[in-house]
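Student: Got a structure for you, written out below as structure tokens; questions coming shortly.
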Amino acid sequence: ECEKAEDGLEAVKKITESDYDLIFMDCQMPRMDGFEATAEIQKYQEQHGSRPTPIVALTANAMEEDEERCINAGMNDYLAKPIESESMGRALQRWLGESQPGLLQ
């Protein structure tokens, strides 16, 4: 099952209500960007002893320093837009495992 958040504030709210296996986090969002949302999610999970959820950055910025910024912000992985199904499939397999049904191939 997949859920969508309209912005970073909603993403943070959702993580306080449910457990997720993986988060794809857009870096550029209204109200709260992906960097701040990532920090808030990780802070919440640490304070509540929750299992850290892997966070994959999604960004239109494809420079090496952009990837470094995402990783330094606590995101676990990075995909540059436009997202290709092959790249998305590899990220899903990397973070969810080969045995997950319905993964993009």
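The values are calculated or read from the model by the stated rules, or taken from the named source; none is laboratory data. The model shown is predicted, which means the values in this text are computed figures rather than measured ones. For accessibility, only protein heavy atoms count, side chains too; no ligands or nucleic acids. Shrake-Rupley method; radii C 1.70, N 1.55, O 1.52, S 1.80 Å.
Student: Under a 5 Å amide H to amide H cut-off, with H placed in plane at 1.01 Å, what residues pair with M25 once short-range neighbours are removed?
Tutor: Distant-sequence amide H within range of M25: V56, A57, L58.
Student: Hey, another quick one. Under 12 Å between alpha carbons, and skipping anything fewer than 8 positions from K4 in its own chain: which aspartates and glutamates qualify?
Tutor: D26
Student: Please tell me the relative contact order of the chain in percent, rounded to the nearest whole number, where contacts are Cα pairs under 8 Å and at least six residues apart.
Tutor: 22 percent
Student: Any idea of the accessible area per residue across the stretch 1-53, 1.4 Å probe, to the nearest Å²?
Tutor: On a per-residue basis, 65 Å².
Student: 222 nm [θ] for the chain, helices only, -39500 (n - 2.57) per DSSP H run of 4+, per residue, to 500?
Tutor: -13000 deg cm²/dmol
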